[in-house]
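Student: Quick one: the structure is below, and I'll ask about it shortly.
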């Protein structure tokens, strides 16, 4: 849904790009992503145009939100971690308004810190989101495990000195995620849930 919303917003701005080109940038902050895509088509966007594109993307994404479903095992994974007493936070490059709508489909445990684009100076692939999440949890970044489905997630985790775990649900290949620094790679949250012991998490007895 993210990719389609970006494609529509870009088309509205006169930029026509194949879905796969947009998909490869998902996980970066909106501004960085727009600039990266602009380079591919040889066009520069002003700050006001970038802001307009981001607003258009949010509007289009809101129209598609009713089609969004949690990834297999996502809710179960969050519940298991919560019951096991594992501190967890949600860190996203999206703005708070979009994050709230997206997280409505997840059963996020009460009190879970939510870190969004507005909370940091730079979004992924910079490490700021994960550093902020660690601070909210009262942990050192070296004590944290970051789960993400893009190379930008894993790169940001690496720069934060956290252990990165990749999911194939974002469309990136296993080798790409490993090359970016992922310690382990799983198909989706359900697969990770079945292998929590491999990342040092014990399920509650």
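Values in this text are rule-based calculations from the coordinates and carry no lab data. Because the structure is a prediction, the values reported are computed rather than measured. Counting neighbours? That spans all protein chains shown, and the Cβs are built from the backbone with ideal geometry, glycine included.
Student: If you rank 154, 19 by fewest surrounding Cβ atoms within 10 Å, what's the result?
Tutor: If I rank by nearby Cβ atoms, fewest first, I get 19, 154.
Student: Given the C-alpha centroids of the range 2-69 and the range 148-205, what is the distance between them in whole angstrom?
Tutor: If we compute the Cα centre of each part, the gap is 25 Å.
Student: Let me ask something additional. Using a Gaussian network model of the chain whose springs link C-alpha atoms within less than 10 Å, name the residue from 70, 110, 189 with the highest mean-square fluctuation.
Tutor: Per the Cα network of the chain with a 10 Å cutoff, 110 tops the list.
Student: Also: Out of 91, 160, 13, any idea which swings most in a Gaussian network model of the chain, alpha carbons joined below 10 Å?
Tutor: Per the Cα network of the chain with a 10 Å cutoff, 13 tops the list.
Student: For the range 47-92, what class follows from the C-alpha gyration tensor (a ≥ b ≥ c being the square roots of its eigenvalues): rounded when a/c is under 1.5, otherwise prolate if a/b is larger than b/c, else oblate?
Tutor: Oblate.
Student: For a quick size check, give me the Cα extents of the range 106-205 along its three principal axes, largest first, whole Å.
Tutor: Principal extents (Cα only, largest first): 35, 33, 25 Å.
Student: For the Cα atoms of the chain, what angle does the longest principal axis make with the long axis of helix 47-64, in degrees from 0 to 90, nearest 10?
Tutor: 60 degrees
Student: Now a separate question. With an 8 Å Cα cut-off and a minimum separation of 6 or more residues, compute the relative contact order for the range 1-142 in percent. Before the final figure, lay out each step's value.
Tutor: On the way: 152 pairs, mean separation 32.0, N = 142.
Here the relative contact order equals 23 percent.
Student: Still on this structure: Taking square-rooted eigenvalues a ≥ b ≥ c of the alpha carbon gyration tensor, is the range 67-123 rounded, prolate or oblate, where a/c under 1.5 means rounded and, failing that, a/b exceeding b/c means prolate? Could the numbers behind the result be given before it?
Tutor: Details: a/c = 2.44, a/b = 1.35, b/c = 1.81.
Taking the square roots of the gyration eigenvalues as a ≥ b ≥ c, the range 67-123 is oblate.
Student: With the calculation restricted to Cα positions, what are the radius of gyration and Dmax of the range 2-67 in angstrom?
Tutor: 10.9, 35
Student: Shifting gears a bit: Which whole-number value in Å³ per residue fits the convex hull of the alpha carbons of the range 1-118?
Tutor: It comes to 107 Å³ per residue, whole-number rounded.
Student: Could I have the simple spin-label model distance between residue 140 and residue 59, label points 7 Å from Cα toward Cβ, reported in nm to one decimal?
Tutor: For the pair residue 140/residue 59, the computed spacing is 4.8 nm.
Student: Let me ask something else. If I model a spin label at residue 44 and residue 67 as a point 7 Å from the Cα along the Cα→Cβ vector, what separation in nanometres do I get?
Tutor: 3.6 nm
Student: Under a GNM of the chain (C-alpha, springs under 10 Å), which listed residue has the highest mean-square fluctuation: 111, 166, 31?
Tutor: 111
Student: Hey, what angle do you get for helix 30-41 against the long axis of the chain, alpha-carbon based, 0 to 90 degrees rounded to 10?
Tutor: Compared with the principal axis, the helix lies near 50 degrees.
Student: Beyond 26 Å, what share of the Cα-Cα pairs of the chain is found? Please give it as a whole percent.
Tutor: Tail of P(r) above 26 Å: 32 percent of Cα pairs.
Student: State log₁₀ I(q)/I(0) for the range 139-183 at q = 0.21, 0.30, 0.32 Å⁻¹ as given by the Debye formula over alpha-carbon point scatterers of equal weight, solvent excluded.
Tutor: Ignoring solvent entirely, the Cα scatterers give -0.53, -0.97, -1.08.
Student: Round to the nearest 10 and give me the degree value, 0 to 90, for the angle of helix 2-12's Cα axis relative to the longest principal axis of the chain.
Tutor: Long axis of 2-12 versus the principal axis of the chain: about 10 degrees.
Student: Could I ask something else about it? Residues of the range 67-85 with amide nitrogen under 13 Å from the 7 Å Cα-to-Cβ point of residue 187?
Tutor: 72-73
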